[in-house]
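What follows is a set of notes on a single structure, which appears directly below.
The values are calculated or read from the model by the stated rules, or taken from the named source; none is laboratory data. Since we're looking at a predicted model, the values are computed, not measured. Note: ideal-geometry Cβ built from the backbone for every residue, glycine included; neighbour counts use all protein chains shown. For accessibility, only protein heavy atoms count, side chains too; no ligands or nucleic acids. Shrake-Rupley method; radii C 1.70, N 1.55, O 1.52, S 1.80 Å.
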Amino acid sequence: MRLALLTDIHGNAEALGACLEHIAAVGVDGYVILGDIVGYGPDPGPVIDKVMELQSRGAVVLLGNHDEAIADGVAGMSELAAEAIHWTREQLSAEHKAFLAGLPLTHQVGNALFVHSSARDPGDWNYVIHRLHAVDCFDATDARRIFCGHTHRPILFHQLAGRPVEEFVPKPNAKVPFSRARRYLAVIGSVGQPRDHNPNACWALLEPDGLTLNRIAYDIDSTARKIAATRLPRWLGLRLYEGR
Amino acid sequence: MSERKILAPGLMIDGFTLGERIFAGGMGSVWRATHPDHTLPIIVKIPFFAPGENVSAIIAFEIEEMIMKRLSGPHVPKFLGSGELADLPYIAMEFVEGDLLSTLTDAAPIPAAEVVRVGQLLARALIDIHRQQVVHLDLKPGNVILSKRGAVLIDFGLAHHDKLPDLMGEETALPVGSAPYMSPEQILGDRTHLESDIYAVGAMLYELATAKPPFGIPNTRSGLKQRLKTPPAMLAPALSGVPPGLAEVILKSLSVDPADRYPTADHLLFDLNHLDQVALTDRSQRNSGGFLARIGALLSRPSEARRATPRPTSFEQRFASAPVIMAAVDLSHGADPLAELVRVHVRRVLAAEPRARLACVTVLKTKIIGEDKPIDEAGRPAYIGRLVALKDWARSLHLPEEKVSYHVLEGVDAAASLMEYANHNPIDHIVMGARASSSLRRHLGSVSSRVVAEARSTVTVVRLGGVGETDEPPPGPESVPDES
């Protein structure tokens, strides 16, 4: 079973399109969308349409905090994120909003758990950045392999029973093999707004024996131009060039 | 011990039938085996995990399985299969015929020429596995098989892959490796340098030459740390019996700061192939200053170690940033415009990569194989005159002595001579000139086109562009303006 994992698309249709094209060429058996379909980006409606189409073909789609904020409000969000949510809300149809409101927080298959933020209190949107966050996340579930997004910065935590949690930043396009003796927590990089100083869109290929973080160049100029043509803060376009 | 009951000759594991047990120890056992799909002689390594302890054996198994699966080529045993930790962990691989290097270290000291030969074999093996992104980190005489196909490295349980998670982890409290051969940075817990393997090769060559490892066999932490503060010059006296070039190579490999060692095993092999051209430094020149010089070396070391060396971020970038460049210069017409243009391009390549080294090569044509050495008008061997011309050609590049070497090849067929040289040395990039076509060249094929077709490395072919190039012999050196 080969799964494509996509997270933090954030209304970036160009980045999503480039990833889906690459995924089609690579060939997968299914999709998991790990939330934050909207927010920040200029194409929330078209991106939701695409994600709904993927869902109709069997994709698992999870809720992110930006998706939740469309209905529930922007409490706890940064000013920039909140401003983008207010704009995004105006762009969405009732059908789009209903779709987002109906998304689940987690999905578990066998020993794999998929969630937007941390397995610990998924609805609290905890960030997994440091080892201590990883320890909290591991402690909250029995799953051996956990896949999340939310931080836009890819990192892989791994742990051998009785040993400290270790961390590793996966190299682009290089498959990291799984050891069956270890537990893994993979934070997948963002499709639509990478923040690890690599501007290329990220999607992950999950195979039974390993994980590959693919980085895909896309037409940032178009996305930034669209952002500049809206009331969205211009910085949201500029940051895409630098991956921050 | 339930393990012993289960594991016995005749037991079948995933198609591998166990034969004779050839090793048993605290960490596991090694068995000869057969498999219907493989004609190679096979061994199966089966780790033994005592319940509740010895997590390092589990990690070593995880690492070896992960790394062996990804390695190929003549310098590692062929990987044939493995079993999961959760079921029955094992690694099946080719049984490599040959002698362990420890048979030679047991017989040390051995003649210098043998030390050089072993060094060349080890360097070739490192060139291969480092290019596959793997640093071994536990090289010692017991982990090297000298086989018909060269040095074969075994036991990758402590290895590190440049692109994969380090399963040893940063939390390991104690340094791991084999004390006599372990690099200073490994003692400090840093497992990311390919120069660590170069250090281990230096330590093994030192042992082969002197009969003991550079720091003996330390069994205390402070004994282990001695190498962190001992500059190689302090080790020089023990090498007084070996040729100075070899001593220099060994001591350079044993530098405390990885940045002072060879940047890649390619550079190490290159020096071992050309010991007569190794630039001698304070490291090996123990006669020049004696005790005071060594104290001076000791005092000057820390500042050198502290200098900011920008570190490449991956092994791939390392190879790109420290290439061995071969400049093939045709000096049969003297320093003609084409030779000068080759130098212009060599200068560009060198300017881009400050850690590059240059091998200047020219071919002195002989008429028939085995002909007596040609002699010039003054009665000297023509070889000498050509070497002088080659050094003069390179002079305006202003390269430090340790970064450049000069090679006058003698042969009937220039392309064949160049290819033979390039195949025996770790050359990344050849820069050479091509002359305009002539009926003769169209017939026989030009030297450059044959090198381009046969070389394993990148080749830059330089041509004099524009008008003026004819089939006429180029002007002699006297008409060429002096560049400097």
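Restricting the calculation to Cα atoms, the range B:41-133 yields a radius of gyration followed by a Dmax of 16.4, 49 Å.
Could you tell me the total accessible area buried at the B-A interface, probe 1.4 Å, in square angstrom to the nearest hundred?
It comes to approximately 1600 Å² buried between B and A.
What the phi angles of the range A:158-171 give under the Karplus curve with 6.51, -1.76 and 1.60, with θ = phi - 60°, is a coupling list of 9, 8, 8, 3, x, 10, x, 5, 10, 10, 7, 9, x, 7 Hz, glycine and proline written as x.
Accessible surface for residue B:403 stands near 60 Å², nearest 10, in the context of the full protein assembly shown (1.4 Å probe). Note on the range A:3-242: with neighbouring protein chains present and a 1.4 Å probe, carbon and sulfur make up 50 percent of its accessible heavy-atom surface.
For the range A:124-244, the average shadow cast by the Cα convex hull is 8.3 nm², which is a quarter of the hull's surface. Taking every alpha-carbon pair in the range B:82-177 and binning the separations at 5 Å intervals from zero gives 3, 11, 17, 20, 19, 14, 9, 5, 1, 1 percent. Here the protein assembly as shown is treated with +1 on each Lys and Arg Cβ and -1 on each Asp and Glu Cβ, and its dipole about the Cα centre works out to around 1000 debye.
For the range B:95-170, run through the trypsin sites (Lys or Arg not before Pro) and keep only the ones in DSSP coil with at most 14 other Cβ atoms within 10 Å of their Cβ.
Values: sites: B:117, B:124, B:131, B:148, B:149, B:163; in loops: B:148, B:149, B:163.
Hits after loop and neighbour filter: B:148, B:149.
Computed from backbone phi with θ = phi - 60° and the Karplus coefficients 6.51, -1.76 and 1.60, the 3J(HN,Hα) list for the range A:3-19 is 10, 9, 9, 10, 9, 6, 6, 6, x, 9, 5, 5, 5, 5, x, 5, 5 Hz; x is used for glycine and proline.
Pull out a ≥ b ≥ c, the square roots of the eigenvalues of the alpha-carbon gyration tensor of the range B:2-94, then state rounded if a/c is under 1.5, prolate if not and a/b is larger than b/c, and oblate in the remaining case.
It is oblate, given that a/c is not under 1.5 and a/b is not larger than b/c.
Prolate is the label for chain A. Its Cα gyration tensor axes, ordered a ≥ b ≥ c, give a/c of at least 1.5 and a/b above b/c. Structure remark: mean-square fluctuation, Gaussian network model of chain A, C-alpha springs under 10 Å; the largest value among A:113, A:132, A:34 belongs to A:132. On the range B:2-94, 57 percent of the accessible area sits on carbon and sulfur atoms, based on a 1.4 Å probe. Would you work out which of A:194, A:172, B:241 lies farthest towards the positive end of the dipole of the protein assembly as shown? Charges go on Cβ: Lys and Arg +1, Asp and Glu -1. Checking the options against the dipole of the protein assembly as shown, the answer is B:241. When the surface is traced with a 1.4 Å probe over the full set of protein chains, residue A:70 keeps roughly 10 Å² accessible. The amide H of residue A:182, built 1.01 Å from its N in the peptide plane, has no neighbour under 5 Å, considering only residues 5 or more places off or on other chains. Taking the empirical scaling 2.2 N^0.38 Å for compact globular proteins as reference, the range B:151-286 has a Cα radius of gyration ratio of 1.05. Each residue of the range A:187-241 gets 80 Å³ once the volume of the Cα convex hull is shared out per residue. Among the GluC sites (Glu not before Pro) found in the range B:6-72, those both in a DSSP coil and sparsely packed, with 15 or fewer other Cβ atoms within 10 Å of their Cβ, are B:53. Sorting B:140, B:69, B:229 by accessible area puts them as B:229, B:69, B:140; the probe is 1.4 Å, largest comes first, and only protein heavy atoms count.
Starting from the residue with the highest accessible area, list B:23, A:168 in decreasing order, probe 1.4 Å.
B:23, A:168
Here the Karplus relation 6.51 cos²θ - 1.76 cosθ + 1.60, evaluated at θ = phi - 60°, turns the backbone of the range B:392-409 into coupling constants of 5, 4, 7, 3, 6, 7, 6, 8, x, 3, 6, 9, 9, 9, 10, 9, 9, 8 Hz, with x for every Gly and Pro.
Along the axis of the charge dipole computed for chain A (Cβ charges of +1 for Lys and Arg, -1 for Asp and Glu, origin at the Cα centre), the listed residues A:210, A:123, A:40 are led at the positive end by A:210. For residue A:130, neighbours were defined as the other residues whose beta-carbon sits under 11 Å from its Cβ, and their charges (Lys and Arg +1, Asp and Glu -1) total -1. Eigen-decomposition of the gyration tensor built on the alpha-carbon atoms of the range B:69-123 gives equivalent ellipsoid semi-axes of 33, 13, 8 angstrom, largest listed first. Partner shielding of B:61-69 amounts to 2, given as the average count of beta-carbon atoms from other chains within 10 Å of each residue beta-carbon.
Summing charges over all other residues whose Cβ lies under 13 Å from the Cβ of residue A:99, with Lys and Arg as +1 and Asp and Glu as -1, gives -3.
Per residue, the convex hull spanned by the Cα atoms of the range B:1-155 amounts to 123 cubic angstrom. Computed over the protein assembly as shown, the percent of Cα pairs more than 38 Å apart is 52.
Within the range A:147-190, the trypsin sites (Lys or Arg not before Pro) that combine a DSSP coil assignment with at most 13 other C-beta atoms in a 10 angstrom radius are A:180.
Computed with every protein chain present, the accessible area of residue B:154 is close to 40 Å² [probe 1.4 Å].
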